[in-house]
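Participant: First the structure, then my questions, so here it is.
The values are calculated or read from the model by the stated rules, or taken from the named source; none is laboratory data. What you see is a predicted model; the values in this text were computed from it and never measured. Note that each Cβ is placed from the backbone with ideal geometry, even for glycine, and that neighbours are counted across all protein chains shown. These area figures cover heavy atoms from the full protein model, side chains too; ligands, DNA and RNA do not enter into them. Shrake-Rupley method; radii C 1.70, N 1.55, O 1.52, S 1.80 Å.
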Amino acid sequence: GEDSRSFHVSIQAPLSIVNIGETYSVTAVAGGQLILECPEDAVPPPHIEWHRERSPLQEDARRQVLAGGRFLQIRALGAADGGEYSCRATNALGDSSLRVQVEVHG
């Protein structure tokens, strides 16, 4: 006779945002939209938090966190949207963060 079994294997991988500790710089145009990515493919999937100027980001009609935190979308950009944004990804194996300095030009 025959016997077969199926297994799902999940390999845990540490968080791996590149250039940890560096701040990226992004320039955007007023009135447009900006999408920032927290590029994190860790296993188990991390919990992602976005901050602006070191305070938890408040979502509203223009600022939305998408795909479980992986993306931050800002629409109808204005000069007041400039500043430092950061994402922090945390899972059982640790955490990492990414900072982005956003400048809005009209």
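Participant: Taking the simple approach of a point 7 Å from Cα along Cα-to-Cβ for both Ile35 and Asp60, what is their distance in nm?
Facilitator: Computed distance between label sites Ile35 and Asp60 equals 2.3 nm.
Participant: To the nearest 0.05, how large is the calculated FRET efficiency for Ser25 and Ala76 if R₀ is 30 Å and r is the Cβ-Cβ distance?
Facilitator: 0.90
Participant: Sorted by accessible area (1.4 Å probe), largest first, how do Val102, Val26 line up?
Facilitator: So the residues, ranked largest to smallest area, are Val26, Val102.
Participant: Same structure again: Taking R0 as 41 Å, what FRET efficiency do you get between His47 and Glu2 from their Cβ-Cβ distance, rounded to the nearest 0.05?
Facilitator: That pair, His47 with Glu2, gives E of 0.45.
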